[in-house]
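Visitor: Quick one: the structure is below, and I'll ask about it shortly.
The values are calculated or read from the model by the stated rules, or taken from the named source; none is laboratory data. Every value quoted in this text rests on a predicted model; they were computed, and no experiment measured them. Using ideal geometry, Cβ is built from the backbone for each residue, glycine included, and neighbour counts are taken over all protein chains shown. The accessibility values were calculated without ligands, DNA or RNA, using every heavy atom of the protein model including side chains. Shrake-Rupley method; radii C 1.70, N 1.55, O 1.52, S 1.80 Å.
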Amino acid sequence: MSLVSADPAALDSLRQQFPALTNKAYFNYGGQGPMPQAALEAIQRAHWKIQQEGPFCGQINRWLQQQAEATRQLMATELGCPATAITLTEDVTVGCNIPLWGLEWQAGDHILLSDCEHPGVIAAVQEICRRFGVETSQFSLLDGLDQRSPVEAMAARLRPRTRLLVISHLTWNTGQVLPLADMVRYCHDRPQPVWVLVDAAQSVGSLPLNLTASEVDFYAFTGHKWWCGPAGLGGLYVRPALCDRIHPTFIGWRGITTDDQGQPTGWKPNGQRYEVATSDYALQAGLQAALSLHQQWGSADQRYQRICQLSHYLWQQLQTLPQIRCLRQVPPESGLVSFQILAAGQPAPSQHVSLVQTLESQGFMLRTLLFPHCVRACVHYFTTEAEIDQLVGAIKTAGSA
């Protein structure tokens, strides 16, 4: 498979803007993307501006409001939704917790999750069940991976009292992209419609998105993974029709309206109602710079196409190693490629840990996952074929040592 056309000089110039790429082969974008120099400089400039003009004054407050609006607009452009539907948060987990705790749960209600969800979300659901007498269960994406329809697997486990489905658009362990629009449509068409909450930690910045067309209800994301922005800034999309149905849990001045005496009168009429109070506002400048850099390289579709072609190349190379088994039996439709080392035909967790440690000592950054226990490598659109060849060579050498 030939790669998306990329001018080698332009690609090299882009990579030189990421300090983390100058001395290592980075394959951990699904954990945290490295920031480009432009983002680091934008954060520093924003801090200097705030301090030089006065961190709490009318002029800076107006500038911060403009920065927040610009950030929401950039996010909305990437997500395919109105900027007014975006809430600025710290991370994916905060975004997921807003609708999880904003629903008015009743004893006997049911929450359905896939078996590939992140433990942070699972823990929040478990606590809701404990407090409110809500029930939860899982449907399996791991069983029959690449063979069974996710829609069919989900449909078989929905109940009459299921109120919420919690899924990842792109699973963090297997790299599977779920048919989100089909799953949302099935849930919404039930006699008692089921709302859909998406953990979008891996999908934002890697998949081309149109949240409005998908009709998804809640989509929680971060800027520090595939967008390569700063840690501590993310967002939540809430389908506009549901804005009044999800009640704020953590409440502060950014989310409320006030009267002429400054007393609370209600909620902001858009996604701002779920925002709380003071944040590290300079991070917004960093994310804006990172997004601008990606958009200059190519469209979301072009970036995704190159990610998939690079991940296919890595997957194919790993298939040549007899001791390696990829979790996916078909070329992955995302930048996440997870694999296991086999010993006597079975996965060897201790060897996974040892391999990641050995590779890191050689300048290759990967990680292990616990469920299923495996090694995960992530490729971005600016990963190179040479890096992939070097990684596979290092894995082969480690396996024969």
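Visitor: Do we have any residue at all in region 124-139 that's small (Gly, Ala, Ser), more than 20 Å from the chain's Cα centre (by Cα) and in a strand (DSSP E or B)? Walk me through it before giving the result.
Guide: Step one: list which residues in region 124-139 are small (Gly, Ala, Ser), which gives 124, 133, 137.
In the following step, the residues that additionally are more than 20 Å from the chain's Cα centre (by Cα) were identified as 133, 137.
Now restrict to residues that are in a strand (DSSP E or B): 137.
Taking every residue of region 124-139 in turn, at least one turns out to be small (Gly, Ala, Ser), more than 20 Å from the chain's Cα centre (by Cα) and in a strand (DSSP E or B).
Visitor: Within region 355-401, restricting attention to residues that are open to solvent by 60 Å² or more (accessible area, probe 1.4 Å) and touching a helix residue (DSSP H, G or I) at 6+ places or on another chain (Cβ under 8 Å), which residue is nearest to SER338 (Cα to Cα)?
Guide: ARG367
Visitor: Next question. Say whether the condition of being open to solvent by 40 Å² or more (accessible area, probe 1.4 Å), in a strand (DSSP E or B) and either in contact with a Cys (Cβ under 8 Å, 6 or more places away or on another chain) or without any contact (Cβ under 8 Å) to a residue 12 or more places away in the chain (or both) is met by at least one residue in region 320-339.
Guide: No - not one qualifying residue is present in region 320-339.
Visitor: When you go through LEU40, LEU21, LEU79, LEU14 one by one, which is the residue that is open to solvent by less than 30 Å² (accessible area, probe 1.4 Å), under 27 Å from LEU236 (Cβ atoms) and not aromatic (Phe, Trp, Tyr)?
Guide: Details: LEU40 fails: open to solvent by less than 30 Å² (accessible area, probe 1.4 Å); LEU21 fails: under 27 Å from LEU236 (Cβ atoms); LEU14 fails: under 27 Å from LEU236 (Cβ atoms).
Only one candidate qualifies: LEU79.
Visitor: Kindly indicate whether CYS81 is out of contact with any Asp or Glu (no Cβ under 7 Å at 6 or more places or on another chain) and either under 30 Å from ALA231 (Cβ atoms) or in contact (Cβ under 8 Å) with a residue 12 or more places away in the chain (or both). Full working, then the answer.
Guide: On the way: out of contact with any Asp or Glu (no Cβ under 7 Å at 6 or more places or on another chain): yes; either under 30 Å from ALA231 (Cβ atoms) or in contact (Cβ under 8 Å) with a residue 12 or more places away in the chain (or both): yes.
Taking the combined requirement at face value, the residue satisfies it.
Visitor: Moving on. Given ALA107, ALA39, which one is more than 16 Å from the chain's Cα centre (by Cα), within 30 Å of MET365 (Cβ to Cβ) and among the hydrophobic types (A, V, I, L, M, F, W, C)? So that I can check it myself, show each step before the final result.
Guide: Details: ALA107 fails: within 30 Å of MET365 (Cβ to Cβ).
Only one candidate qualifies: ALA39.
Visitor: What do you reckon, is LEU64 touching a Phe, Trp or Tyr at 6+ places or on another chain (Cβ under 6 Å) and not small (Gly, Ala, Ser)?
Guide: yes
Visitor: Kindly list the number of the only condition in (1) within 27 Å of GLU90 (Cα to Cα); (2) of a type in the set (Ser, Thr, Tyr); (3) out of contact with any His (no Cβ under 9 Å at 6 or more places or on another chain) that fails for SER203.
Guide: Condition not satisfied by SER203: (3).
Visitor: Could you give every pair whose Cβ atoms fall below 7 Å, whose first residue belongs to region 141-154 and is surrounded by 15 or more Cβ atoms within 10 Å (Cβ to Cβ), and whose second residue is in a helix (DSSP H, G or I) and of a type in the set (A, V, I, L, M), counting only separations of at least 6 or pairs across chains?
Guide: LEU141/ALA153; PRO150/MET183; VAL151/MET183; MET154/MET183
Visitor: Residues in region 10-19: is at least one within 25 Å of the chain's Cα centre (by Cα) and without any contact (Cβ under 8 Å) to a residue 60 or more places away in the chain?
Guide: Yes; the residues of region 10-19 include at least one that is within 25 Å of the chain's Cα centre (by Cα) and without any contact (Cβ under 8 Å) to a residue 60 or more places away in the chain.
Visitor: Looking at region 145-181, which of its residues are among the hydrophobic types (A, V, I, L, M, F, W, C), in a loop (DSSP other than H, G, I, E, B) and over 26 Å from VAL379 (Cα atoms)?
Guide: Hits for region 145-181 are ALA156, LEU158.
Visitor: Quick one: which residue in THR84, THR22, THR71, THR89 is of a type in the set (Val, Ile, Thr), over 18 Å from the mean Cα position of the chain (by Cα) and under 24 Å from PRO240 (Cα atoms)?
Guide: On inspection, the qualifying residue turns out to be THR84.
Visitor: Would you please list the contacts, defined by Cβ atoms under 6 Å and residues six or more apart or on different chains, that run from a residue in region 263-279 that is closer than 17 Å to GLY232 by Cα to a residue that is modelled with pLDDT of 95 or more and open to solvent by 90 Å² or more (accessible area, probe 1.4 Å)?
Guide: These pairs meet every condition: VAL276/PHE250; ALA277/TRP253.
Visitor: Still on this structure: Failed condition for CYS116, given (1) assigned to a loop (DSSP other than H, G, I, E, B); (2) open to solvent by 30 Å² or more (accessible area, probe 1.4 Å); (3) not polar (S, T, N, Q), with all others met?
Guide: The failed condition is (2).
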